[in-house]
Each structure stands twice: as C-alpha cells, then as structure tokens.
Amino acid sequence: MTHAKTSFLRPAAACLAAALLAAAGCGGDDDGSNGANAADSAGYRVELTDQQPAATKPVDSITWALPYGEPVTIDPIQAGDYAPDFMVSQMCDFLLRFNPKWELEPGLAESWDQPDDRTLVFKIRKGVKFWDGRPMTVDDVVYSLKRNLDEDAGSLTAPYFANVESMEASGPSEVTVRFKQPDELFLKEMAAGPGAVVQRDFTEKAGSKIGTAQGGVMCTGPYEFESWKPGAEIKLAKNDDYWDPDLQPKIANVTVRFLSETTTLTSALVSGEVAGAYGIPATSIPALQRAGSGTLYYGPSTQQLGIYTARPEGLMADERVRKALSLAIDRQAIAEKAYSGAAIPNEAVVSNTREQEAKDVYAEGWKQLPSIDYDLDAAKKQLDGVTGLDKPIVIAAPAGDQATLDVATLVQNAGKQIGLNVKIQALQPLDLSNFYYKPEYRKGFDGVLSVSFSDHPDPLNFLPYVIPLDAYFNYSGWDSPKAVRAMDEGRRTLDADARAKLLLQAIQLEADDRVTIPLLGLANISFISNDIGGAPTSFAYLWMPDFAYMGGK
Amino acid sequence: MLTRLAGLLLTLLVASVVIYGALYLAPGDPSTLLAGNKATPRTLESIREQWHLDDPFYERYWAWLSGAVRGDLGESFTYKQSVGSLISDRIGTTTLLIAYAFALVLVGGVLLGIVGALRPRAGAGITAVSSVGIAVPSYVAAIVLITVFAVELGWFPVFGDGTGFLDRLWHLTLPAIALALAWNAYVAQLTKAAVHEESLRDHVATARSRGVAEGAIVRRHIVRNALIPITTVLGITIAGLVAGTVVIEQSFNLNGIGSLLVQATSSKDFALVQGISLLLVTIFVVVNVGVDLLNAALDPRLRTERRP
C-alpha cells in the first residue's frame, strides 16, 4: 500500500518552521528513556518501543491529529490507506485483534479453530451490542465478511478472499469459512479491516452513503462515530457499553483533526493543542525532540521506502543500471539525513520487521540477499558496457512528502557519482494515483520512489502486489513464474517455518534481479502528550483500537 | 443596473464553460484517487460509472448547467455531499476572515499611507516597513506568527476556526494578520503616493495661501481627492484577499472556501471546483461594480461624463 500525502507546503516553509521552533528552544529534553515497553531495536539508532506503559485515569476529551489528512471513507471494506484504516480501527471491532507485536488475539471471535487445513471455524462472542443497542448476530458477521467481495461497493479487500469457497453461519454463534485451497493469510487479515463487523441493517439502509461524512458506520467498537465535519474533523464518543472488560475506554471524547500541513501539525503538537499523532513526518523530528509537551516514540514497523521500476523500457529496465544505482546509494547516510535515524537500510522489497513468526528462518534468509552496502567501485563495474547512459533516469516522488523528497535528492547525488543522470519529478496526489494505476501516466518515467506498508509483518500481505506479472506494483514486466509459485505455495503452507522458506525464495528472486531498489525500513514515528499513556506505538497501531488503550497519566 | 446583471450572468456562463472544459481536458482520472490503493479494475469501473466520468463533455456540462439554473450545483464526489451545503458550511469562516483582514488593511494601510505622505520623516520608515511586508510571502508570515504568538507565547491557537463569534475572531486573528500583511503594505504605499500627489496640486497651494485651516485642507482637498485611486486599490485588495485565503486557510488548517478549493482542484472534483470558482467570479464582478459605483459617488466628474 502506498500513501501520497496531500500537502502543499513548500520545502522552504518546512525548513523555516523547523528552524524557528528549534531556535525558540521550546524547552524539555528528550532523553530517550520513557519507561515504555522496549522492542528489539533491530538495527535502528533510535530506541524502539511498541507501547507506552498503561495509564488508567479518566480523561474528559482530547484532540488527536491525523497527519495523512482526511480519510476518503470510514467503511472497512473501502479502507486502504493510513487515515481510513486508523479511523476504522477506532470504531469497528474485527473478528481477531493484533497486539503491538502483531500477535493474534481474540476479538469479536472469542476463539477460532482449524479442524482441517481448508476450514476455519470462528466462535462468535455473545452479548456484543452495536452502538444503537441492537445485538450483534452471526448474520451481521457473515454479511460483513461477504461485503468484502463486493467490488461494486468499492471493496479493496476482495483479493484476501480469493481462496474462499463459502462463508456461512454454522450455529447461533459460529461462523465457518471453507477454502478452495489452504490460505494462511486469511486468518491474519481477520485482525484487520477485512475482519470488521458492521451492522447489516444500517449498512444496507445507508447504501452508497456508507462510510461517508453523512452516512457514517454502525459498529461495535470502543468509540462511537459521532460526527464528521468534512475538511476539518471527526468526533468520536466512548462506547459506554463496550463488551471488553479489559479495554474500557477511558477518554470520554476524541476529536480527530485532519492536519496534513506539516508545519501546522508540528506547531499544534509543540503547543500541546493536540494530544498526539501517529505517522509523524520525519522532517518534524528535530522540532518535536525539543518539545516539552510530549514525547517522540519510534516503533517497529512494516513501512519501507524503495524505488519501483516504472516501465519495461528505458534505462531502469536494464538490470545492470538498477544494480549500479542500488550500490551507489549510502543508505545509512540517508537514514540519518532524511529520517534523523528513524530508518534502517533495507535489503528487500518487504521490510525486515523482526517482530514476526519464524524469526530464525527469516534472519537466516535475509543474510542470503544481495548486498546493499555502499560500494562505488562495484556500482561502476555494473555499468560496464551499458550504453545510452547520457539519457536521464526520471524518478517520480510524492509532492509534499518532504522526507521522501529529501531521499530523492540524495539518490540523485548517488547517481551522479557513477555518471547516472537522475531527475526527480514530484507528483501531486492525483497524478501519483494515476501513475500507480495507468501505464499511460508512467510514460517518460523510469521509477517511482514510494513508501509502502503491510498490514502485518507477514510478507504475504505485500508480495502479491509486487511478484505476479500483473501485480499493482509490477510495472517493469518482471515475469518470474518461479517466484509466483513460491509465493502461492507459501500462502497454502500453514507451517510458519516452511512458509517462511517459500516466501524467502520469492523475496530472493526479486532481490537477485533488483526489480525494485529497496532503500529503507521506516520506524513508526508517534508523538504523544505527557498527559497520555497506554498508547500502542508500534505500527500495529494502524489496526488496533488505540484510543481504548489510552488513558490519563 | 440591468446591463450589469446581464454582464454578470454572461461572465458566469463563459467562466463555467472555461472552467469545466479546462478540468475536463486536464490529465488525470479522479477514480483512482477515489478508489484508494490497490483497487481492482472493476471497482474503478464502477466508480467511473457512478460519477459519469466517461461521458462526453457536452453531456456532463449540460447535466451540470441544467442543475445549476435550478439552483442545484451538483454533488462533490470526494465528499459525497451537495456542493451547495459544502460551500454554505464554510462561507462564514472565509467571509469573516476576509472581512477581518480587510478591516486591518483599511485601518493599517490607509492610515499609514496618509500619515506617511503628510509626515515625510515617518514616511521613510513606513516605506521601509511596507517593503518588507510586500516581500514576505503570506505562508512564511503564517509560520512566523504561529511560532511566536501561538507556540511560544500561547496567545492564539495554532489552527482551527473556532465556534461562536468571539472564539472565531480569536481563532482568525493570526490568519487575518498573515493574510492582510502584504496588502497592508501595498495599500499603504499606494495611499502614500496618491495623498502625496494630491498634496502637491495647485488648488491645495491656493487653499493654503488663502489661509484655510490645515486640517480642512487635508480632509477636503487632499484625502478626499486621493480617495478615488485608494478605492480602486481597495477593490483590488478584496480580490487579492479572496485569492489569498487559499494559502492562509491551508496554513492555519481553517475549514473555509480556500482550502476546499485546493482540495477540490487537487482531486479534480468537477462540481465542487465549478461551484467555488463561480462563487469567486461573482465576488470579483460584484467588487468591480462596487468600486465603479463608489468612484462615481466620490468624483462628480465621473457622474457628469456619463450623461449624454
């Protein structure tokens, strides 16, 4: 999944704001230790934490900022980006739940069972009510699962149901899912948007207005949708009747404000006007480190930044050019310069999250991947005999995402060192979304610099978007039946170690051909007010009911 | 007056065709943005159908126009809400912002200009300060104001438009200052020049030689005559302030017409861009007419010349 932030801030303005805030010496010192749950620092210079210590005091109200701007929808099946995913997670419960380490926990399904490798049985929790007081039934659950298949209703989640044969109520509180072939990804997706349960009656009545500012949603989650002022904010109120005794919401009212302008966001956080935000732009790190109003947290994440080949022709279609450029990039330096240390060099098309199943297998497999060490001699050697190097390599980057644009400039310099003429073209959100979908908009481009993320650390969530010939991100015409086979077999393989080996094959094949130039793994950056505790800070936050975990200190 | 109204309608009609046509011709398929990431071709197709994105230009424009004459400006496909309600929800904030900024320009710019012209020693300082004011882009002014007065001193909020009149005024103070700054300087300079020019006229010297009191000379002979160019500049100022809201509303996260226009244009939201643009065109035309009428009232010669 990519994101393209809508921001019209000029770079100069961002720098000025940072400088002003820095010069103003906003007080406070970030000593890095905040007593939060430490996570494996996984090669990052900064310390990683995946959740703040619990805080249980009641809070009247907070304003929370959404740096990715206004969500296009709050309908779970149409959610496919940071802002909608986050909003859905606060309001709607899923069949399962992720904890900050992405481990599966019970959600609306109090337990699940796999009687054979093609059957999943969910035992649905009893006594759960929607916000309007009506009980949640298995009928609502089955209806919600089947909605994922409705592409005419804008569903983005249908591919996760590709192997499903049937989904039916098999008892008053039991739902059985049968598969045409074993599918290990399905269960994990039940802890994200595809596993959300909405009320059937409400959703059918809302029709095409479902998930919009006027239509809203009807779910069972800890926070109830109250109002949505388009262009400004969404208001949530706590669900006094929430089913989970361990996760009773402590903050009565939450206003989620859309603040995509980086300088405004930073000022609002420094001044304490908003209590926090997930997905802080890396350019705000220096100013926020000095802020006395709250603390910056870095969390494990599945986000990564890479250069995707834009078309089957042109200079970057040549494997040697991609390999050369990859070797000419000093990733460690870029992680420091553009992300203030909140990033690590990344070797593959998916991130090496290290918070996942089959840890040892992945660790071993990662060592086999081709080197990404900065090596100008090796880079130049790659270009021996390549002709037409005087032509520019045009790389698209999202306008308004300053950290990515900073990386683009550094990549440009890297190219210069080995005689490659890299040009950067910043694209506005509409142009970028057209670029992703339509080949005619990729003409004249050689690559695109893009941040992507997986819903959870299992590479299977992302590989289908890069490996197959017709994949969303496969613009280069890279065709590897071997990699596709490994990936598909991985999806059918229920044993985690065996699956990891298969997926590593696909990852390795992609990396060997350097189809994409992986650059950095990105930490999840959050800023949270000193008054608030309990918040998840790993990237698992995206699919967690974060506000329900938060409380006053 | 009737010809003016007809002129306005014609301007609106032409503008509507031009704006709709330009959006139509501009590259970019909004369905990809609406769908989100990784949508299947079928999802994209159903969005295009729902919003008639593949229909030919004349059909879509005609559908829009026939709605517009009935007062229905259509529905925004990004917000899935009627354009009329999206605009009316925000018009208050933007109007208040512009009025606030205009008041600052009136008081600050005009007064400084007059003082600068009549008191040469103060004039040099005013020229220097207004040069800086003109040179500073409004978004930079916004950042400086936010940093100093909102973050450091905490006197004003960083963002948002507030509720209730006084709270709104409080929220809009920094945005109004940022918006007014450059125009303030511009109006001050032009006022100064106009007043200075008038003060050198023969009739002023004559009045002085006859012993007319200095206050009366300034009021009746200098400022009164300088008001005509000043009014014209103030008209341009209003138009400029309206355009300036686009940047300022973004900087202060205000939920107004300017930020809505940016959002609409960037997602190629036809009905919404069309609705806001026509509103802006109407404002520009009305301001122009207003300036003409005011000038006529101020200058008897303009009135007599009209007579056949």
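Side notes on the structure shown:
- Filter pass, B:Leu104 being closer than 24 Å to A:Arg257 by Cα, of a type outside the set (Val, Ile, Thr) and away from chain A (no Cβ under 11 Å): no
- The helices (runs of 4 or more DSSP H) found wholly in the range B:219-308 and carrying at least 2 residues that are in contact (Cβ under 8 Å) with a residue 60 or more places away in the chain and buried (at least 18 other Cβ atoms within 10 Å of the Cβ) occupy B:224-251, B:257-266, B:270-298.
- Output for the range B:83-111, where each listed residue is of a type in the set (Gly, Ala, Ser) and surrounded by fewer than 18 Cβ atoms within 10 Å (Cβ to Cβ): B:Gly84, B:Ser85, B:Ser88, B:Gly92, B:Ala99, B:Ala103
- The test for being among the small types (Gly, Ala, Ser) and over 28 Å from B:Gly162 (Cα atoms) does not hold for B:Ser85.
Conditions tested, residue by residue: (1) in contact (Cβ under 8 Å) with a residue 12 or more places away in the chain; (2) among the acidic types (Asp, Glu); (3) in a strand (DSSP E or B).
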{"position": "A:Trp112", "(1), (2), (3)": "yes, no, yes"}
{"position": "A:Leu120", "(1), (2), (3)": "yes, no, yes"}
{"position": "A:Lys123", "(1), (2), (3)": "yes, no, yes"}
{"position": "A:Gly133", "(1), (2), (3)": "yes, no, no"}
{"position": "A:Asp139", "(1), (2), (3)": "yes, yes, no"}
{"position": "A:Ser144", "(1), (2), (3)": "yes, no, no"}
{"position": "A:Leu149", "(1), (2), (3)": "yes, no, no"}
{"position": "A:Asp152", "(1), (2), (3)": "no, yes, no"}
{"position": "A:Pro159", "(1), (2), (3)": "yes, no, no"}
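- Residue in the range B:185-200 that is buried (at least 16 other Cβ atoms within 10 Å of the Cβ), within 14 Å of chain A (Cβ to nearest Cβ) and under 26 Å from B:Thr94 (Cβ atoms) present: no
- All positions within the range A:253-265 that are farther than 21 Å from A:Lys235 by Cβ and touching a Pro at 6+ places or on another chain (Cβ under 8 Å): A:Thr262
- Note on the range B:1-64: enclosed helices (runs of 4 or more DSSP H) holding 3 or more residues that are loosely packed, with under 12 Cβ neighbours inside 10 Å are B:2-25.
- The set of residues in the range A:366-395 that are buried (at least 20 other Cβ atoms within 10 Å of the Cβ) and assigned to a helix (DSSP H, G or I) comprises A:Ala379, A:Gln382.
- Residue that is modelled with pLDDT under 95 and in a helix (DSSP H, G or I), where the choices are A:Leu460, A:Leu469: A:Leu460
- Test: A:Thr266 is within 12 Å of another protein chain (Cβ to nearest Cβ), within 23 Å of the chain's Cα centre (by Cα) and part of a loop (DSSP other than H, G, I, E, B): no
- Residue within the range A:328-342 that is under 30 Å from A:Asp390 (Cβ atoms), buried (at least 22 other Cβ atoms within 10 Å of the Cβ) and of a type in the set (Gly, Ala, Ser) present: yes
- Output for the range B:32-67, where each listed residue is of a type in the set (Asp, Glu) and more than 12 Å from chain A (Cβ to nearest Cβ): B:Asp54, B:Asp55, B:Glu59
- Single residue of the range A:46-101 satisfying the filter (under 20 Å from A:Asn239 (Cβ atoms) and charged (D, E, K, R)) that is nearest to the chain's Cα centre (by Cα): A:Asp85
- The listed residues are A:Gln304, A:Gln356, and the only one of them that is under 19 Å from A:Leu542 (Cβ atoms), in a strand (DSSP E or B) and either in contact with a Phe, Trp or Tyr (Cβ under 9 Å, 6 or more places away or on another chain) or modelled with pLDDT of 95 or more (or both) turns out to be A:Gln304.
- Subset of the range B:148-159 (residues that are part of a loop (DSSP other than H, G, I, E, B) and either facing chain A (nearest Cβ under 7 Å) or surrounded by 24 or more Cβ atoms within 10 Å (Cβ to Cβ) (or both)): B:Gly154, B:Pro157, B:Val158, B:Phe159
- Of residues in the range B:132-147 being more than 14 Å from chain A (Cβ to nearest Cβ) and in contact with a helix residue (DSSP H, G or I) (Cβ under 7 Å, 6 or more places away or on another chain), the one surrounded by the most Cβ atoms within 10 Å (Cβ to Cβ): B:Gly133
- Some residue of the range A:66-74 being assigned to a loop (DSSP other than H, G, I, E, B), of a type in the set (A, V, I, L, M, F, W, C), at pLDDT below 95 and under 30 Å from A:Gly272 (Cβ atoms): yes
- Where A:Pro398 falls short, out of the listed (1) in contact with a strand residue (DSSP E or B) (Cβ under 8 Å, 6 or more places away or on another chain); (2) away from chain B (no Cβ under 14 Å); (3) in contact (Cβ under 8 Å) with a residue 60 or more places away in the chain; (4) surrounded by 22 or more Cβ atoms within 10 Å (Cβ to Cβ): (2)
- Some residue of the range A:50-59 being within 10 Å of chain B (Cβ to nearest Cβ), over 30 Å from A:Pro345 (Cβ atoms), modelled with pLDDT of 90 or more and outside any strand (DSSP E or B): no
- Selection count where residues are within 11 Å of another protein chain (Cβ to nearest Cβ), in a helix (DSSP H, G or I) and of a type outside the set (D, E, K, R), scope the range B:69-101: 3
- Failed item in (1) in contact with a Ser or Thr (Cβ under 6 Å, 6 or more places away or on another chain); (2) more than 30 Å from B:Leu174 (Cα to Cα), with B:Glu249 passing the rest: (2)
- Restricting the range A:275-301 to residues that are aliphatic (A, V, I, L, M) and part of a strand (DSSP E or B) leaves a set whose member that is farthest from A:Trp64 (Cα to Cα) is A:Leu296.
- Put simply, of A:Ser166, A:Ser170, A:Ser144, A:Ser155 the only residue that is surrounded by 19 or more Cβ atoms within 10 Å (Cβ to Cβ), modelled with pLDDT of 95 or more and polar (S, T, N, Q) is A:Ser144.
- Restricting the first member to the range B:7-31 and to residues that are within 14 Å of chain A (Cβ to nearest Cβ) and farther than 15 Å from B:Leu280 by Cα, and the second to residues that are surrounded by 11 or more Cβ atoms within 10 Å (Cβ to Cβ) and among the small types (Gly, Ala, Ser), the beta-carbon pairs closer than 7 Å and six or more apart or on different chains are B:Pro30/B:Ser267.
- Among residues of the range A:487-499, those that are among the hydrophobic types (A, V, I, L, M, F, W, C) and surrounded by 23 or more Cβ atoms within 10 Å (Cβ to Cβ), counted: 1
- Those residues of the range A:192-212 which are surrounded by 22 or more Cβ atoms within 10 Å (Cβ to Cβ) and within 14 Å of chain B (Cβ to nearest Cβ), in sequence order: A:Ala192, A:Gly193, A:Pro194, A:Ile210, A:Gly211
- Enumeration of residues in the range A:349-363 that are surrounded by fewer than 23 Cβ atoms within 10 Å (Cβ to Cβ), in contact (Cβ under 8 Å) with a residue 40 or more places away in the chain and among the aliphatic types (A, V, I, L, M): A:Ala358, A:Val361
The values are calculated or read from the model by the stated rules, or taken from the named source; none is laboratory data. No experiment lies behind these values; they were computed from the predicted model shown. With ideal geometry, Cβ positions are generated from the backbone for all residues, glycine too; neighbour counts draw on all protein chains shown.
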